[in-house]
Every structure is written in structure tokens, then in C-alpha cells.
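Q: One structure follows; several queries about it will come next.
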Ligand SMILES: [Zn+2]
């Protein structure tokens, strides 16, 4: 009896090892669909100067309550008009929401659903007290050391001007794209995009426009972030996480601190935060993160490849490992970040209320209500009120097998032949969310090449882009306009 069991266990193990080995060996990289094309001749320096001029115009979004910097946006519109005369002459332009721009470029086949190529005209302010840390002033548009410096060079005047450069190039040469292309530039992405992208999307829907895909800012080309993968990886984000800010308010009896109650408002709010931090939302491997691992695993070291090729068995191992990292944790979990705490003004007075703010970034497949339910359950205190300050659901997950995705992928492979293309999950937000109902698919990618310190330049200090990379971005858009719809 005992011997039979032992034999059975050995057979099961051999079987498992066989299946794991088979799955691992069969997990090979697919053929590339695009091959390198000859580099298109463009005047990179002239293009750099046009972007630099745009950087000098302070189209800053401060906050929901602050008025729009109307003069700056008008000035930027005028600059676009004079910098891209053929675009101005040949494309149908609409100003939407006062300051956003929409251009229509009619395709050869108007029955095909359109492509909406996006960017945003606004930038974030420079944090007070950090101006002197910039190597070049933040709104100088200086061209120094082969780079264009200033706000908007990465986020996101780079894609607005890159797209306009590409459109101007083609319109001069007389290209008519196969599918209709819209260039859609919002003016308030940094404060949610409701009045810009939100209104453009509504306008298109009202016109009965069908949209095959949107391409917006989002992910970029990065090096050395996946174990064993030596090539740079171009991540096309198929989804973005949701956003939820929750305010907690604890109430207790106020009064003099010489005769305190057993539980104070400060103690209650501290306990609530501690409980929320101690009970994170559970980790889970879901699309598009699974798509990413499936795409990249053939290039990974054997051990990782074996785990990813055998997720039917080893999923819990993978999830728990990913959940331990920083960036990888954010890919598999709705993250929890306590960002503000307030309460009390005097050392000998008990405050009657204390407040805290917690920011969650919600994993696709989860919901705002699900997070609220979780918070309510773990805080478990009737004296702590839980309120939503701001919330939007995670996006849907777009298809990485669609014709549109394949066109974008092929374009990347043709223009940046050294990179691997993979689906990804965007951890921040973009204007794409406003096209959720309109577009069949939404992709988020700009071929910016990011080194280890470039992420910190976005919304941070020393934002700048190399002119050489800007040239690649323009060539990518030029090729995409040729490929799109084909
Ligand atoms: Zn942006």
C-alpha cells in the first residue's frame, strides 16, 4: 500500500516536471512582423526649434478651481497655425471646449472606423522652490547638449508637435491615409480632461464617428526592467489603473486634554490608517499584466520562463513574488497610499475631528465600490466617516490581437528595430479614459526612450528630450500614418 502510494507520487512528479519542461521549451519568441525601414529624412533641428517655441508658452493647468490660462492657449494655437501651414490649410479644424484642438484628415476609405491620435496641450506647474535645480530654466525651451529642455518635452507637447510634424510632412507630399485620422489635443489632461478630451470625445460621438483606436501618451521604451531581457522594451499600455481618493474623518469628544476620553479623534484616525495599511487589497495577476508576461517570458531566464509558462500550477508563486516588489506590486494590486493627515491645533486641546486622505490606484477588473467596501470593512469604526473625494474606475483592457494593435507594433518594429514590443499596464492616468465608450480599443504609447532617471523628469525637475529621440518619435508617427488602416 505504502509502496504503491510512493510510486504514484513519483509518477505525478515526473509528469509535472515533464509538463513544466514541455511548456517551458515550447514557449518561444514569435517572429517579428515588421522589419526595419530606411530612415525618413527630416530636419530634426528645425523640428526641435518648433517644439522649443511651444515649451516657452506657459499653458499650465493649475487646478480645477483655477481659471484657464486663456492667453497662453491662444498663443499656442497661433504658433501651431504658423508652424504647420499645410496642416492649417488642408485639415478641418475645430476648437472644442474653448481651448482644445481637433483636426480631421479624411481617409481614402471613409467607411473605415477612424484612428484618433492624441496628445495634450497643457503642462503641470513647476513646484515652487525647485526652479533653481533645473539645468536650464523650465520654460526656456533651451536647446543644449543635444536636448530640448523644459516642461512639456516629455509630457506631452512632444506628442502634439511630433504628430503635427508628421502630418505636415505627409500633407506636403500629398498622402491621403487609408482610414480617417483625427488629431485630438486636449487642454486640461493634467486636471482630469473633462473639458478637453471629454468634450472632443462627446463631439465625435454626436457626429456618429466610429473609432477603431485611440493612441495617446502612456508608456515608453525602457531598458533593464525585465530580468534577462537585454533589448529595450516598447510597452504599449492596453489599460490604465483607476483612481480613488478617500477622505476619512474621525469624530470624538473634544475638550481639555487633562480629562481625556479613552479614545480620541487622533487615535481613531491613526488606527483607521494603520488598519488600511495592514490590510492591503489582495494581489492578482490579470490582463494586461498577464499579456505582458506571456509576451516577454520567452526572453527571460529559464527559471522565470518555467514559472510563467506554467501559470496553471505556479500562479500563486508568481503573484506573491510580484507583490513583494515596488513597481511589480503596483502591477498586481490596487495600491494604497496614505497621503494627508490632519487633526488638532493645540497641545492641550482635544480636537473633535481628525482627517486623513488615502489615495488608491485601482487594478483593472476591480471597482471603486469594491475598494470602498474593503476600506469600510477593515476600518470597522462607526466614528470614522468614509467619503469619496475623487474617483474613476479603471479602464477596460484593450485587445492586443486587433488589427490596430498589430499596426502600431509593426510601426515600432520598422522604425525602432532594436526594441521588443509588449503590452503593458499604465499605472498613471491619461485622457484615453474619455474615449472608453467611443473607441474599440485604446492604446497608450510614445516611443520616448527612458533611462533610469527619466521617469523622475516627468512632472519633476530637468524635463528634457534628446533631439535624436524626438526624431525617432516623428518618424514613428510618419510611418504610423502610412500604415494605419492597412
Ligand atoms: Zn501627460
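Q: I'd like to verify a number: residues in the range 276-328 that are outside any helix (DSSP H, G or I), at pLDDT 85 or above, buried (at least 20 other Cβ atoms within 10 Å of the Cβ) and out of contact with any strand residue (DSSP E or B) (no Cβ under 9 Å at 6 or more places or on another chain), how many?
A: Of the residues in that region, 1 qualify.
Q: I would also like to ask the following. Cβ-Cβ below 6 Å, separation at least six or inter-chain, first residue in the range 143-159 and closer than 25 Å to residue 430 by Cα, second assigned to a loop (DSSP other than H, G, I, E, B) and within 12 Å of the ligand (Cβ to nearest atom): which pairs?
A: Taking only residues 6 or more apart or on different chains, the pairs are 151/463; 153/463; 154/458; 154/463; 155/458.
Q: Let me ask you something else. Any residue in the range 132-150 that is touching a strand residue (DSSP E or B) at 6+ places or on another chain (Cβ under 8 Å), assigned by TED's automatic domain parsing to the domain that holds residue 474, at pLDDT 95 or above and closer than 18 Å to residue 100 by Cβ?
A: No, the range 132-150 contains no residue that is touching a strand residue (DSSP E or B) at 6+ places or on another chain (Cβ under 8 Å), assigned by TED's automatic domain parsing to the domain that holds residue 474, at pLDDT 95 or above and closer than 18 Å to residue 100 by Cβ.
Yes or no, residue by residue, for (1) surrounded by 22 or more Cβ atoms within 10 Å (Cβ to Cβ); (2) under 24 Å from residue 270 (Cβ atoms); (3) in the same structural domain as residue 229 (by TED's automatic domain parsing):
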{"position": "382", "(1), (2), (3)": "no, yes, no"}
{"position": "385", "(1), (2), (3)": "no, yes, no"}
{"position": "400", "(1), (2), (3)": "yes, no, yes"}
{"position": "411", "(1), (2), (3)": "yes, no, yes"}
{"position": "414", "(1), (2), (3)": "no, no, yes"}
{"position": "421", "(1), (2), (3)": "yes, no, yes"}
{"position": "425", "(1), (2), (3)": "yes, no, yes"}
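Q: What number of residues within the range 174-214 are assigned to a helix (DSSP H, G or I) and touching a residue at least 60 places away in the same chain (Cβ under 8 Å)? Please lay out each step first, then the result.
A: Kept after step one, since they are assigned to a helix (DSSP H, G or I), are these residues of the range 174-214: 189-191, 197-206.
Then drop every residue that is not touching a residue at least 60 places away in the same chain (Cβ under 8 Å), which leaves 189-191, 197-201, 203-205.
Adding up the residues that qualify gives 11.
Q: If you go through the range 451-471 one residue at a time, do you hit one that is closer than 22 Å to residue 33 by Cβ and crowded, with 19+ Cβ neighbours inside 10 Å?
A: The initial filter retains those residues of the range 451-471 that are closer than 22 Å to residue 33 by Cβ, namely none.
No, the range 451-471 contains no residue that is closer than 22 Å to residue 33 by Cβ and crowded, with 19+ Cβ neighbours inside 10 Å.
Q: I would also like to ask the following. Would you mind stating whether residue 233 is farther than 25 Å from residue 472 by Cβ and crowded, with 20+ Cβ neighbours inside 10 Å? Give the derivation first.
A: Numbers: farther than 25 Å from residue 472 by Cβ: no; crowded, with 20+ Cβ neighbours inside 10 Å: yes.
When the stated conditions are applied, residue 233 does not pass them.
Q: Something else about it: I'm told residue 471 meets every condition in (1) part of a helix (DSSP H, G or I); (2) under 30 Å from residue 132 (Cα atoms); (3) more than 16 Å from the ligand (Cβ to nearest atom); (4) touching a strand residue (DSSP E or B) at 6+ places or on another chain (Cβ under 8 Å) except one. Can you identify the failing condition by its number?
A: Here residue 471 clears every test but (4).
Q: Given the options 433, 396, name the one that is farther than 18 Å from residue 290 by Cα and touching a residue at least 24 places away in the same chain (Cβ under 8 Å). If you could, list the steps in order and put the result at the bottom.
A: Working: 396 fails: farther than 18 Å from residue 290 by Cα.
After ruling out the rest, the residue left standing is 433.
Q: Determine whether residue 217 is more than 16 Å from the ligand (Cβ to nearest atom), assigned to a strand (DSSP E or B) and either in the same structural domain as residue 445 (by TED's automatic domain parsing) or surrounded by fewer than 23 Cβ atoms within 10 Å (Cβ to Cβ) (or both).
A: Working: more than 16 Å from the ligand (Cβ to nearest atom): no; assigned to a strand (DSSP E or B): yes; either in the same structural domain as residue 445 (by TED's automatic domain parsing) or surrounded by fewer than 23 Cβ atoms within 10 Å (Cβ to Cβ) (or both): yes.
So residue 217 does not fit the description; no.
Q: Which one is surrounded by the fewest Cβ atoms within 10 Å (Cβ to Cβ) among residues in the range 239-271 that are part of a strand (DSSP E or B) and out of contact with any helix residue (DSSP H, G or I) (no Cβ under 7 Å at 6 or more places or on another chain)?
A: Of all residues in the range 239-271, those part of a strand (DSSP E or B) come to 239-240, 242-251, 255-256.
Adding the requirement that they be out of contact with any helix residue (DSSP H, G or I) (no Cβ under 7 Å at 6 or more places or on another chain) leaves 239, 243, 245, 247, 249, 255-256.
Numbers: 239: 27, 243: 19, 245: 16, 247: 15, 249: 19, 255: 13, 256: 9.
Only one residue fits best here, namely 256.
Q: Let me ask something additional. Return the only residue of 456, 451 being in contact with a strand residue (DSSP E or B) (Cβ under 9 Å, 6 or more places away or on another chain) and away from the ligand (no atom under 14 Å from the Cβ). I'd like the intermediate steps shown before the answer.
A: Working: 456 fails: in contact with a strand residue (DSSP E or B) (Cβ under 9 Å, 6 or more places away or on another chain).
Answer to the selection: 451.
Q: Name the residue, out of 116, 160, that is closer than 24 Å to residue 485 by Cβ, in a helix (DSSP H, G or I) and either at pLDDT 95 or above or outside the structural domain of residue 465 (by TED's automatic domain parsing) (or both). Working first, answer last.
A: Working: 116 fails: in a helix (DSSP H, G or I).
So the residue among 116, 160 that is closer than 24 Å to residue 485 by Cβ, in a helix (DSSP H, G or I) and either at pLDDT 95 or above or outside the structural domain of residue 465 (by TED's automatic domain parsing) (or both) is 160.
Q: What residue, of 125, 137, is away from the ligand (no atom under 16 Å from the Cβ) and in contact (Cβ under 8 Å) with a residue 12 or more places away in the chain? Before the answer, list the steps.
A: Numbers: 125 fails: away from the ligand (no atom under 16 Å from the Cβ).
Of 125, 137, the one residue that is away from the ligand (no atom under 16 Å from the Cβ) and in contact (Cβ under 8 Å) with a residue 12 or more places away in the chain is 137.
Q: Can you tell me which residue within the range 180-197, out of those that are within 21 Å of residue 84 (Cβ to Cβ) and more than 18 Å from the chain's Cα centre (by Cα), is nearest to the ligand (Cβ to nearest atom)?
A: Out of the qualifying residues, it is 183.
Q: Let me ask you something else. Do we have residue 441 as more than 16 Å from the ligand (Cβ to nearest atom) and assigned to a loop (DSSP other than H, G, I, E, B) here? Step through it out loud before you land on a result.
A: Working: more than 16 Å from the ligand (Cβ to nearest atom): yes; assigned to a loop (DSSP other than H, G, I, E, B): no.
So residue 441 fails the test.
Q: Checking the condition surrounded by fewer than 22 Cβ atoms within 10 Å (Cβ to Cβ) and not assigned by TED's automatic domain parsing to the domain that holds residue 305, which residue from 205, 184 passes? Quick ask: steps written out before the conclusion?
A: On the way: 184 fails: surrounded by fewer than 22 Cβ atoms within 10 Å (Cβ to Cβ).
Exactly one of 205, 184 is surrounded by fewer than 22 Cβ atoms within 10 Å (Cβ to Cβ) and not assigned by TED's automatic domain parsing to the domain that holds residue 305, namely 205.
Q: Next question, about the same structure. Are any residues in the range 352-378 in contact (Cβ under 8 Å) with a residue 60 or more places away in the chain, more than 25 Å from the chain's Cα centre (by Cα) and surrounded by fewer than 21 Cβ atoms within 10 Å (Cβ to Cβ), and if so, which ones?
A: 352, 353, 355, 374, 378
Q: On the given criteria, is residue 154 at pLDDT 95 or above and closer than 16 Å to residue 459 by Cα? Before the answer, list the steps.
A: Working: at pLDDT 95 or above: yes; closer than 16 Å to residue 459 by Cα: yes.
Considered against the rule, which asks whether it is at pLDDT 95 or above and closer than 16 Å to residue 459 by Cα, residue 154 comes out as yes.
Q: Here is a list of conditions, (1) modelled with pLDDT of 95 or more; (2) out of contact with any helix residue (DSSP H, G or I) (no Cβ under 8 Å at 6 or more places or on another chain); (3) within 16 Å of the ligand (Cβ to nearest atom), and residue 406 meets all of them except one; can you say which number that is?
A: Single failed check for residue 406: (3).
Q: Assess whether residue 228 counts as being more than 30 Å from residue 103 (Cβ to Cβ), more than 14 Å from the chain's Cα centre (by Cα), outside any strand (DSSP E or B) and in contact (Cβ under 8 Å) with a residue 40 or more places away in the chain.
A: Working: more than 30 Å from residue 103 (Cβ to Cβ): yes; more than 14 Å from the chain's Cα centre (by Cα): yes; outside any strand (DSSP E or B): yes; in contact (Cβ under 8 Å) with a residue 40 or more places away in the chain: yes.
Yes.
The values are calculated or read from the model by the stated rules, or taken from the named source; none is laboratory data. What you are looking at is a predicted structure, and each value in this text was computed from that prediction instead of being measured. Positions of Cβ are backbone-derived with ideal geometry, glycine not excepted, and every protein chain shown enters the neighbour counts.
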